[in-house]
Amino acid sequence: MPRHLIGVLLIAVAMAPRPDVNATFDAFWAAESPEAAARLIGDIVKSGVTFDDAYRRLKHGRSYASQETGRVSLSNRTPDGVQHFFTLNIPSTYDPARKYQVRFHLHGGVGGRQTNAPPAGAGGVGALEGPGDVAQIDIVPFAWNRMPWWSTDQVLNLRAILDTAKRLYNIDENRVVVSGVSDGGTGAYYIAMRETTPYASFLPLNGFIMVLANEEIDQGQLFPDNLRNKPMFVINGGKDPLYPEARVGPYVEYLKESGVDIAYYPQPEAAHNTSWWPQMKDTFEEFVTGHARDPHPDKLTWQTLDQNHNRAHWLVIDQLGAQKNDAEMMDMNEVNAISRLFSRPKPQGRVDLVRNGNTVEATTKGVAAFTLLLSPDKFDFDQPVKVVANGRMVFNGRVERSLKTLMKWAARDNDRTMLYGAEVKVNLAK
C-alpha cells in the first residue's frame, strides 16, 4: 500500500469515534448472560476506559431497579439443551439499594418426579423459612429422575440460576449458600465437590454423602478433598430409616478429622423429616450469618477429572498429566490401605495453593499446567509475583494490569467482589 494511503488510513482510524464509556458499561450490565456480556468487551476496550476506571465501575456494579416480588417463576436452558424451571422468593419489602443474601433450597424426592415441570403450587420453602429480620432471597430449583441434583447438568443449572438472579436483584455475592433436605442434602454434598467458587457454605440436611458412591453417579469425578474449601452445616436423625445418624455419623466425623470444616448436629429422636427445625433454626441461621464467603481465599485446594469443572476461585487447572516432581499428597478419599470413598477409574489432577503476600506456594499432583487469577485486592501489582510449585520456582516477575483480562472474568463471574486484573500461566511440563 502506498505510504500516503497508509497515512490516510491511520488518520481515519485515529479520528474514528470511540464508543461512549458510559454506554458500553450500560450495555455490559444489561447483557442477559455471561456470553452476551463477553461479546461487549471489545467495545469497552475501544472506549478508551482506563483499567482503574473500569475496576471502579465493576466494583460498584450495575444500578438495580425495582422488580417483581413474591414468588417469581422463571426458566432457563443449560448448555446441554435441558430446560429448567425455578422460583425466586423475593421479600415484599425488597429494596434494590440493599444487598440480599441468597439460599438455594434443594428439595427431596427426586426419584419420584418424572418431568422437569414444577409440581402445582411448588416453589416455596415450606417449613424451612428463612430469618425474618435478614434480607434474604430464597431460590427453589427443581430436579427430576433424569436430572437429579447429582448430575453435571444441575451444577450448570444452579450456576445459570444464580447468574440470572444477580442480573435482576441486588444479591450479596459473598452470602450465597446451598441447602438441601434428603436427596437435596445429598445434592449439596455433590455440588460442593463439583463447584465451590460462587458459594459461601453448604448445608446438607438428612442427606448422605455415600449415596454418591454409586458408580452411575460417581464416574470418578467426586473428590472429597474439594469439601475443604467451604464450611458445612450437617444434620441427621437418629431414627431416620434411610440415613440414620449411626450410619452417617462416622463418615461425617471422618470428613471433620480430615480437615473439612463441619458443624454437625445429630438429632437422636428425629426420623427422616425436619421436626427439629424449631429447635435448630437459630443455630442454622447463626451458622449462615457467621460464614460469609471470602472471594479470594489465601488457601485453596481443587481436584478435577477434566477441564469442565476445573476452577476454584483464583485457581484454574488447565491441563492434566503426571509430572516427574509430582508431590505426595494426602488424599482423604483413601480411608486406609483397603478402603476408599469414591472410585478412581481415570487419572485426575490436584493443586493446593497457599498465598502469602505476592508469593504463592503450589503443591501439585497430576497437573501439567494451571492459571492463577490475580486480584488487585490481594496482589501488589507494583511488586514481583512469585510462584513456587513443589519446591521449584516457576514464575518470578512483575505482572501488568490488563483491561481485557479484567473484563473477561467480570463477564464470566458477574461478581462485584471477585475481580481479576491479570493471569499468571504456569506450565509444569517445561
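For the chain, which longest stretch is free of loop sites, where a loop site is one of the GluC sites (Glu not before Pro) that DSSP puts outside H, G, I, E and B and that has at most 13 other Cβ atoms within 10 Å? Maximal segment without exposed cleavage sites: 130-268.
Relative to the longest principal axis of the Cα atoms of the chain, helix 21-30 runs at roughly 20 degrees. Across the protein chains, with a 1.4 Å probe defining accessible surface, the residues Ser66, Ser275 rank Ser66, Ser275 from largest area downward. A straight line joining the Cα centroids of the range 142-182 and the range 361-393 runs 30 Å. Helical content of the chain, expressed as a calculated mean residue ellipticity at 222 nm, amounts to -8000 deg cm²/dmol (DSSP H runs of 4 or more residues, -39,500 (n - 2.57) each, divided by residue number, nearest 500).
The trypsin sites (Lys or Arg not before Pro) of the range 218-301 meeting both criteria, a DSSP state outside H, G, I, E and B (loop) and at most 16 other C-beta atoms within 10 angstrom of the site's C-beta, are Lys239. Please give the helix 3-15 orientation as an angle from the longest Cα principal axis of the chain, in degrees from 0 to 90, rounded to the nearest 10. That helix lies at roughly 50 degrees to the long axis. Could you please state, rounded to a whole Å, how far the C-alpha centre of the range 184-198 is from the C-alpha centre of the range 84-101? Taking the Cα centre of each part, the range 184-198 and the range 84-101 sit 22 Å apart. Counting charges near Phe85 (Lys, Arg +1; Asp, Glu -1) among other residues having Cβ under 15 Å from its Cβ returns a value of +3. Here Asn336 and Glu285 are evaluated by their C-beta separation; at R0 = 41 Å the FRET efficiency comes out at 0.60.
Computed over the alpha carbons of the range 161-232, Rg followed by Dmax gives 13.0, 40 Å.
The charge dipole of the chain, taken about the Cα centre with unit charges on the Cβ atoms of Lys, Arg (+1) and Asp, Glu (-1), comes to about 1300 debye, rounded to the nearest 20. For Cα extents along the principal axes in Å, computed directly from the structure shown, the correct entry in (1) 104, 47, 31; (2) 87, 57, 36; (3) 62, 57, 43 is (2).
Taking 25 Å as the limit for the C-alpha separation, the pairs Lys59/Lys404; Lys324/Lys346; Lys256/Lys365; Lys378/Lys404; Lys99/Lys256 exceed it in the case of Lys99/Lys256.
In the chain, a dipole from Cβ-located charges (positive for Lys and Arg, negative for Asp and Glu) runs towards its positive end, and of Pro91, Gly249, Leu353 it is Leu353 whose Cα lies farthest in that direction. Counting 0.36 nm for each residue step from Ala38 to Lys425 and taking away their Cα separation leaves a gain of 137.2 nm. Relative to the current alpha-carbon distance between Ser66 and Tyr265, full extension at 0.36 nm per residue lengthens the span by 67.7 nm.
Across every direction, the projection of the convex hull enclosing the Cα atoms of the range 72-169 has a mean area of 6.5 nm². When both bridge partners sit in the range 206-351, DSSP labels roughly 65% of those beta bridges antiparallel.
Considering only Ala429, His291, Ile217, the residue lying farthest towards the positive end of the dipole of the chain is Ala429, judged by Cα position with unit charges set on Cβ.
Among DSSP bridges having both ends in the chain, what percentage is antiparallel? Round to the nearest 5. Counting only bridges with both partners in the chain, antiparallel ones make up about 65 percent. Would you mind getting me the FRET efficiency between Arg18 and Met329? Use the beta-carbon distance for r and R0 = 56 Å, nearest 0.05. Approximately 0.65, to the nearest 0.05.
The values are calculated or read from the model by the stated rules, or taken from the named source; none is laboratory data. Only a predicted model underlies this, so the values are computations on that prediction, with no experimental measurement involved. Neighbour counts are summed over all protein chains in view; Cβ atoms, including those assigned to glycine, are modelled from backbone coordinates with ideal geometry. For the accessible areas, the whole protein counts, side chains as well, though only heavy atoms, and no ligand, DNA or RNA atoms are used. Shrake-Rupley method; radii C 1.70, N 1.55, O 1.52, S 1.80 Å.
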